[in-house]
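Colleague: Got a structure here, written out as structure tokens. Questions coming.
The values are calculated or read from the model by the stated rules, or taken from the named source; none is laboratory data. Not measured: the values here are computed from a predicted model. Note: ideal-geometry Cβ built from the backbone for every residue, glycine included; neighbour counts use all protein chains shown. Ligands, DNA and RNA are stripped out before the accessible areas are found, and what is left, the full protein with its side chains, is counted by its heavy atoms. Shrake-Rupley method; radii C 1.70, N 1.55, O 1.52, S 1.80 Å.
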Amino acid sequence: MFGFTKRPLFLIAWKNLKTYPVRIFLTTSSIILGVAVIIASNIFSESNKSAFDNLFIGIYEGVDLVVQPIQEDFAQGFSGDGGQGPVSFEVKKIPDEKIQEIQNLPSVKAAWGDVLGYAQYIKFGDRKDCHSLSEECPRETILVQNGFAPTFGAAWDNNPYAAQWSLVEGKPPTNIREVVMDVLTAENHDFAVGDKVTVLAGATPATFTISGIAEFANVGSPGGATFALFDFTTAQKLLDSTGKVDLINVVVENNYDVNEVKEQIASLDSENLNVINAQEAAAEQADSIKQGLDFFNTILNVFAGIAIFVGAFIIQNTFRILLLQRTKELSLLRALGTSKRQIYRLVISESLFMSIVGSGLGIGLGIGLAVAVKEGLQYFEFGLPEGPLVLTTEAALVGLAIGVTVTILSSLLPARKASQVSPMEAIRDSISTPKGKSLFIRLIFGTLISTIGFGMLFGVLFEFLDLPTLSSLQQVGFGAGIIFIGISVITPSITKPFVFIFEKFYNLIFGILGKLATENSKRTPRRTASTASALMIGLTLISLANVITTSFKAQAETLISEVILADYQVSAANVFASPGIPTGLSEELLELDEVTKLSRTRATVVGYNQRPLILGAVDETVFDLVKTDDIEGSREGFLKKDTIGILKQTAEREGLSVGDEVLLTIPEEGEKGFTVSYIFDWTTQPPAEFFVLLENSSFFSDESLDTELYFNVYEKTPELEEKINSIVDGYPGVAIRDEDGLVEEANNQIQLLLNVIYGFLSISIFVALFGITNTLSLSVYERTREIGLMRAIGTYRKQIRRMIFIESSIIAIFGAALGTGLGIFFAWSLIQTLADDGFTVFSVSISQTFLWIGISIIAGVVAAILPAIRASRQNILEAISYE
Amino acid sequence: MHPNIEFMNVIISANNLTKIYGEKETSVTALDNININFNEMQFTAIMGPSGSGKSTLLHCLAGLDRPSSGQIYLKDSDISTLNDKQLTKIRRDSFGFVFQAFNLIPTLTAEENITLPASIAGKKPDMDWVKKVVETVDISDRLTHRPNELSGGQQQRVAAARAMATKPEVIFADEPSGNLDSKSSKELLVFMKSVVEELNQTIIMVTHDPYAASFANRVVMLKDGKIASDLEEPTQEEIISEVTALSDI
Ligand SMILES: Nc1ncnc2c1ncn2[C@@H]1O[C@H](COP(=O)(O)OP(=O)(O)O)[C@@H](O)[C@H]1O
Ligand SMILES: [Mg+2]
């Protein structure tokens, strides 16, 4: 009868899948999700990469060569990650004359300069409530920003050869009172041609008229940044470039070789000028942005990995469950003479089909996800460049390969097990649950693995084991990973004792249903455990993230209260958006009688040993307002001229001690020698590594910006607070915080990060849900008779459902408790490891912990809805009939 | 009004009970317009050839299945029109069950199985009564054991004890001794009889075994979904001859 098909088993496999599409979905749900995340992240980053490539190629369209200033050695590679806040970084620029010089070359058709710097649009909100009627009440200032993108000012160039910016509306800026705004900002913040707008560039805000609105190479604005485009000389003046430009664009005459011209220009001033091809410049700029996107992509891939890892657990479990349900069918095949090998192949070919379907669905879902992410980011005004979504064949193949491999690997063990089904099984009436191998062996094996993990982990914490080639953090990480695997192996053996712990409690609340449910989860400890494990993974990561961040918050809180001795701290509201604090503010504050003590901090980049370092200048009072610890030398010594104070870590790294000579390269000053007079520990985030006294250092005196102010007042009163606020309001882009404000700000940042992590990790909980549904479906199926009997002797449907819910909650609590416990322990270990780096506070948020355990239980109950309904609808007569 | 109200001791009765399985052409009439009363404190056996409708009748009486037409009265209330929830409550509070096999929840001990209906109802079982039942079915020393640690006979006795534990109005038994060896079978039947005689319970038992039926006060014979005969206090010989007569036709 199968005479005409050479592969009857293949046919059976195919038929099986066609008949039970739900099976495919249940089994592959986790793979679908995992593959989808991989594909989505890939599409997202590929699309943006290509869009950015196009964007930067667009920028330099028509331009042949780009002339850049050669930065001082120490400053190389320093740009972009100044990190510590607004540091006045002396970037070298190109004097205007060079433009003319280049233009004068016969081989050059056109040359023009570009200027770029910080500029911040400012909007004014409503007048704040204020009590005094006589004074003019200040209005709330709003810093205009698109998402988190930076804020730039640049020169409008209306060069005929290459137009980066093209006007959408209005006309170019022609005088010192006009500005052109990018179209993205204009749309997001409701500006129109003719409006007045305040721009903060340099130290003092000024008001401009919007003469036009422009778009940049077909997008609203590159990277979503806000752009204020001024006429050339205005831009130079505002952006600290008077008489200078940041780079020069060059167009070569038609009949000249570009590379020859490149040499020609470079030879004009080879010490200060670096000439590169426009394409190179485009690629360079695109690359730096793409690196940022890669980071995002990596994060997404990590989460996809977690989803797939959890998925592997679930696929394996589901396969085992489905095969168990088909024991009869398989044993019939065996009885009919199918070999074990053939059964094995049957199962594997089924999993192959499923994996292909699942991965395919995953790719489809991934495309949808990418579209959603893109739309989402657009909604939040991130201003990514426009462009089609790109799904590379490579990415699709990788997604497919991962999906197929993981599914097949996960089906190997269940397939082996299925092939061992006895042909007699078909004849037996009862639905038997196969007895697994001894849980004791598992216990021993798992304990052994975990012991190795604990050895590695505690080896670091109690300093008895230091593995070579691994840093302590890595050793702890690997140890934690091994412990996790060990615990996963052990879980089936500890299911019974675990359930035993709250059995009594459950019996008390739920009566006989509690008893039945707890007994049930003990009946198949292996299955209960592997279902719980899937949840355990997610909860481990979630509680790890939770504890770490809670500890960081607590740490920040103690730190801030311990080390900020000042009543108020003033800094730039947004390090990307504003260059610093105009010096006028400290002067105004000092005029207040109530201000008892004030310290200013300024910073600049200097060269030391050919590397860039931040040199800070502080007032003497800083030591009373910020907690510092003396390590070597004295504060008195530091007050002397030509001496320098050094941070403890820097001194250690550079091998410096008090009395040593230090030679610094100071921009526009040249080399200058200092004697180390003071080594100290700056207990907060230090603003610099080397310090000099502000009044001793002439080269700081012409700086117009402070980076930080700290000050004390005679007594904190609401009236004084209002007075201070109204002064600070006169300086847009500057934020003032007291201790509570600092703590709140730190907490907000940490919480934001935590929420993002939670969002991603919820995927793993979602995947684990499917596992619970599958397990319970099987459990219900196996207990057909038992449930029928219970119904016959008078158990309500509602009670049957409740019983399944209780059982599910046990699995969920088991997984959640193990995961939470492990996560907290791992977090504790991590914090212990970081103790040397200053992390001393270990704090667990009880409410968050219980929140997530609660979410897990609810998730468990949700996962149980379908099996519970199925159980309660079971036909009683079918269940109890015996023929 | 109930047609048989004059029988003061009628506990459960069927009125024009018909049960048809399946659709039109393939339909099977398992019960064909049956009218029957069962009295209190009686041990009734329902007999008949395989497929005669014994189990179907029992299931309909016990509220496990719904009649296609006709009524079932428990005392004087019609239970054939009740919804699932109401029927479940009746099964729990007014009926007891002993099935041929798989009578016990494997994860519960004998004692927990016996008190299961009370536990489900959230009631405290009447422990004096349970003790008495347990002694009657002679399983006092097996109470803490799980079903898989009990013999088949013991399991059925535990089931019988469970069926009685809530002092139900009627105990339904479907081939309770069908899977037992003759010794255990006899023990079980002796207990069932004593339950009726000493503890004043009412039992309706389906069996095809004349020996089992001989323990009953009354034997009702079914054939093709109809009542073929109704014997009061028959001997085993009378039953055998009746069964033979039925199967000969
Ligand atoms: N669920 C069902 N579906 C269809 N026919 C059934 C069903 N249950 C029983 N029957 C039929 O009803 C008739 C009576 O069955 P049953 O009451 O089980 O008889 P007995 O218990 O006397 O052997 C038989 O012909 C049987 O095939
Ligand atoms: Mg039958």
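Colleague: With respect to B:Ser52, determine if the residue is exposed (fewer than 15 other Cβ atoms within 10 Å of the Cβ), within 16 Å of ligand 1 (Cβ to nearest atom) and among the polar types (S, T, N, Q).
Modeller: Details: exposed (fewer than 15 other Cβ atoms within 10 Å of the Cβ): no; within 16 Å of ligand 1 (Cβ to nearest atom): yes; among the polar types (S, T, N, Q): yes.
Criteria not met by B:Ser52.
Colleague: Take the residues in the range B:47-71 that are touching a strand residue (DSSP E or B) at 6+ places or on another chain (Cβ under 9 Å) and of a type in the set (S, T, N, Q), then tell me which one is nearest to ligand 2 (Cβ to nearest atom). Reasoning before the result, please.
Modeller: Going residue by residue through the range B:47-71, those that are touching a strand residue (DSSP E or B) at 6+ places or on another chain (Cβ under 9 Å) are B:47-49, B:51-71.
Next cut, of a type in the set (S, T, N, Q) only: B:52, B:55-56, B:68-69, B:71.
Details: B:Ser52: 9, B:Ser55: 3, B:Thr56: 8, B:Ser68: 18, B:Ser69: 21, B:Gln71: 23 Å.
Here the answer is B:Ser55.
Colleague: Could we say that A:Lys723 is in a helix (DSSP H, G or I), more than 14 Å from A:Thr583 (Cβ to Cβ), touching a residue at least 12 places away in the same chain (Cβ under 8 Å) and open to solvent by 30 Å² or more (accessible area, probe 1.4 Å) here?
Modeller: Details: in a helix (DSSP H, G or I): yes; more than 14 Å from A:Thr583 (Cβ to Cβ): yes; touching a residue at least 12 places away in the same chain (Cβ under 8 Å): yes; open to solvent by 30 Å² or more (accessible area, probe 1.4 Å): yes.
Yes.
Colleague: I'd like the full set of residues that are aliphatic (A, V, I, L, M) and either over 30 Å from A:Glu669 (Cα atoms) or open to solvent by less than 10 Å² (accessible area, probe 1.4 Å) (or both), limited to the range A:696-720.
Modeller: Result: A:Leu709, A:Val713, A:Leu720.
Colleague: Looking at the structure I just gave you, is B:Ile79 within 14 Å of another protein chain (Cβ to nearest Cβ) and away from ligand 1 (no atom under 12 Å from the Cβ)? If you could, list the steps in order and put the result at the bottom.
Modeller: Values: within 14 Å of another protein chain (Cβ to nearest Cβ): yes; away from ligand 1 (no atom under 12 Å from the Cβ): yes.
Spelling it out, B:Ile79 is indeed within 14 Å of another protein chain (Cβ to nearest Cβ) and away from ligand 1 (no atom under 12 Å from the Cβ).
Colleague: I'd like the residue in the range A:775-807 that is touching a residue at least 24 places away in the same chain (Cβ under 8 Å), among the polar types (S, T, N, Q) and within 11 Å of chain B (Cβ to nearest Cβ) and, out of all such residues, is least open to solvent (accessible area, probe 1.4 Å).
Modeller: A:Gln799
Colleague: Exactly one condition in (1) more than 10 Å from chain A (Cβ to nearest Cβ); (2) within 30 Å of B:Asn148 (Cβ to Cβ); (3) part of a strand (DSSP E or B) is false for B:Leu58; which is it?
Modeller: (3)
Colleague: Quick one: which of B:Asp209, B:Asp224 is free of Cβ contacts under 8 Å to residues at least 60 places away in the same chain, under 30 Å from B:Val28 (Cα atoms) and within 16 Å of ligand 1 (Cβ to nearest atom)?
Modeller: Numbers: B:Asp224 fails: free of Cβ contacts under 8 Å to residues at least 60 places away in the same chain.
So the residue among B:Asp209, B:Asp224 that is free of Cβ contacts under 8 Å to residues at least 60 places away in the same chain, under 30 Å from B:Val28 (Cα atoms) and within 16 Å of ligand 1 (Cβ to nearest atom) is B:Asp209.
Colleague: Looking at the range B:200-218 only, could you name the residues that are open to solvent by 10 Å² or more (accessible area, probe 1.4 Å) and hydrophobic (A, V, I, L, M, F, W, C)?
Modeller: B:Phe215
Colleague: Taking the condition of being within 16 Å of ligand 1 (Cβ to nearest atom) and of a type in the set (Gly, Ala, Ser), how many residues in the range B:166-205 meet it? Reasoning before the result, please.
Modeller: Step one: list which residues in the range B:166-205 are within 16 Å of ligand 1 (Cβ to nearest atom), which gives B:172-179, B:204-205.
From what is left, the residues that are of a type in the set (Gly, Ala, Ser) are B:173, B:177-178.
The qualifying residues number 3.
Colleague: In the range B:82-95, which residues are more than 7 Å from chain A (Cβ to nearest Cβ), polar (S, T, N, Q) and either touching an Asp or Glu at 6+ places or on another chain (Cβ under 7 Å) or open to solvent by less than 30 Å² (accessible area, probe 1.4 Å) (or both)?
Modeller: Selection gives B:Ser94 alone.
The rows are residues; the columns are (1) outside any helix (DSSP H, G or I); (2) among the aliphatic types (A, V, I, L, M); (3) more than 7 Å from every other protein chain (Cβ to nearest Cβ); (4) surrounded by 19 or more Cβ atoms within 10 Å (Cβ to Cβ).
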{"position": "B:Tyr73", "(1), (2), (3), (4)": "yes, no, yes, yes"}
{"position": "B:Phe97", "(1), (2), (3), (4)": "yes, no, no, yes"}
{"position": "B:Gln100", "(1), (2), (3), (4)": "yes, no, no, yes"}
{"position": "B:Thr107", "(1), (2), (3), (4)": "yes, no, no, yes"}
{"position": "B:Pro117", "(1), (2), (3), (4)": "no, no, no, yes"}
{"position": "B:Lys124", "(1), (2), (3), (4)": "yes, no, yes, no"}
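Colleague: Please specify each residue of the range A:796-813 satisfying the condition of being in contact with a Leu (Cβ under 8 Å, 6 or more places away or on another chain) and more than 13 Å from A:Ala859 (Cβ to Cβ). Walk me through how you get there before you give the answer.
Modeller: Filtering the range A:796-813 down to residues in contact with a Leu (Cβ under 8 Å, 6 or more places away or on another chain) leaves A:799, A:802-804, A:806-808, A:811-812.
Scanning the range A:796-813 gives A:Gln799, A:Arg802, A:Met803, A:Ile804, A:Ile806, A:Glu807.
Colleague: Anything in the range A:182-196 that is in contact (Cβ under 8 Å) with a residue 24 or more places away in the chain and within 31 Å of the chain's Cα centre (by Cα)? List them, or say none.
Modeller: Residues satisfying the conditions are A:Asp182, A:Val183, A:Leu184, A:Thr185, A:Ala186, A:Glu187, A:Asn188, A:His189.
Colleague: Which one of these is in contact with a helix residue (DSSP H, G or I) (Cβ under 8 Å, 6 or more places away or on another chain), open to solvent by less than 40 Å² (accessible area, probe 1.4 Å) and touching a residue at least 40 places away in the same chain (Cβ under 8 Å): A:Ile666, A:Ile631?
Modeller: Details: A:Ile631 fails: open to solvent by less than 40 Å² (accessible area, probe 1.4 Å).
Testing whether each residue is in contact with a helix residue (DSSP H, G or I) (Cβ under 8 Å, 6 or more places away or on another chain), open to solvent by less than 40 Å² (accessible area, probe 1.4 Å) and touching a residue at least 40 places away in the same chain (Cβ under 8 Å) leaves just A:Ile666.
Colleague: Can you tell which of A:Ile757, A:Ile727 is within 26 Å of A:Phe124 (Cβ to Cβ) and among the β-branched types (Val, Ile, Thr)?
Modeller: Working: A:Ile757 fails: within 26 Å of A:Phe124 (Cβ to Cβ).
None of the others qualify; the one that does is A:Ile727.
Colleague: When you scan the range B:143-150, do you find a residue that is hydroxyl-bearing (Ser, Thr, Tyr) and either within 11 Å of chain A (Cβ to nearest Cβ) or open to solvent by less than 10 Å² (accessible area, probe 1.4 Å) (or both), even just one? Step through it out loud before you land on a result.
Modeller: Pass one, the range B:143-150, residues hydroxyl-bearing (Ser, Thr, Tyr): B:144.
Cutting the leftovers down to either within 11 Å of chain A (Cβ to nearest Cβ) or open to solvent by less than 10 Å² (accessible area, probe 1.4 Å) (or both) gives us none.
No, the range B:143-150 contains no residue that is hydroxyl-bearing (Ser, Thr, Tyr) and either within 11 Å of chain A (Cβ to nearest Cβ) or open to solvent by less than 10 Å² (accessible area, probe 1.4 Å) (or both).
Colleague: Something else about it: Among the residues of the range A:689-705, count how many are in a loop (DSSP other than H, G, I, E, B) and either at pLDDT below 85 or hydroxyl-bearing (Ser, Thr, Tyr) (or both). Outline the logic, then answer.
Modeller: Within the range A:689-705, the subset in a loop (DSSP other than H, G, I, E, B) is A:689, A:697, A:702-704.
Now narrow it down to the ones that are either at pLDDT below 85 or hydroxyl-bearing (Ser, Thr, Tyr) (or both): A:697, A:702-704.
Within the range A:689-705, residues that are in a loop (DSSP other than H, G, I, E, B) and either at pLDDT below 85 or hydroxyl-bearing (Ser, Thr, Tyr) (or both) number 4.
Colleague: A follow-up question, please. Scan A:Val499, A:Val489 and give me the residue that is over 24 Å from A:Arg801 (Cα atoms) and touching a residue at least 40 places away in the same chain (Cβ under 8 Å). Walk me through how you get there before you give the answer.
Modeller: On the way: A:Val499 fails: over 24 Å from A:Arg801 (Cα atoms).
Answer to the selection: A:Val489.
Colleague: Working carefully through the options A:Val390, A:Val373, A:Val347, find the one that is at pLDDT below 85 and closer than 28 Å to A:Val780 by Cα.
Modeller: On the way: A:Val390 fails: closer than 28 Å to A:Val780 by Cα; A:Val373 fails: closer than 28 Å to A:Val780 by Cα.
Going through A:Val390, A:Val373, A:Val347 in turn, the sole match is A:Val347.
Colleague: Given the options A:Val499, A:Val489, name the one that is away from chain B (no Cβ under 14 Å), β-branched (Val, Ile, Thr) and assigned to a helix (DSSP H, G or I). If you could, list the steps in order and put the result at the bottom.
Modeller: Working: A:Val499 fails: away from chain B (no Cβ under 14 Å).
Selected residue: A:Val489, the only one of A:Val499, A:Val489 that is away from chain B (no Cβ under 14 Å), β-branched (Val, Ile, Thr) and assigned to a helix (DSSP H, G or I).
Colleague: Just one of the numbered conditions (1) in a strand (DSSP E or B); (2) open to solvent by less than 20 Å² (accessible area, probe 1.4 Å) is not true of B:Asn35; which one?
Modeller: (2)
Colleague: Name the single residue, out of those in the range A:841-883 being outside any helix (DSSP H, G or I) and more than 24 Å from the chain's Cα centre (by Cα), that is farthest from the other protein chains (Cβ to nearest Cβ). Show your work before the answer.
Modeller: The first filter runs over the range A:841-883 and keeps only residues outside any helix (DSSP H, G or I), leaving A:841-845, A:873-875, A:881-883.
If we keep only those that are more than 24 Å from the chain's Cα centre (by Cα) too, we end up with A:873-875, A:881-883.
Numbers: A:Arg873: 10, A:Gln874: 12, A:Asn875: 10, A:Ser881: 7, A:Tyr882: 5, A:Glu883: 9 Å.
Once the filter is applied, the top-ranked residue is A:Gln874.
Colleague: Give me the residue from the range B:72-82 that is polar (S, T, N, Q) and over 26 Å from B:Pro176 (Cα atoms) and, out of that set, farthest from ligand 2 (Cβ to nearest atom). Break it down stepwise before answering.
Modeller: So the first thing to find is which residues in the range B:72-82 are polar (S, T, N, Q), and the list is B:77, B:80-81.
Cutting the leftovers down to over 26 Å from B:Pro176 (Cα atoms) gives us B:77, B:81.
On the way: B:Ser77: 27, B:Thr81: 25 Å.
The selected residue is B:Ser77.
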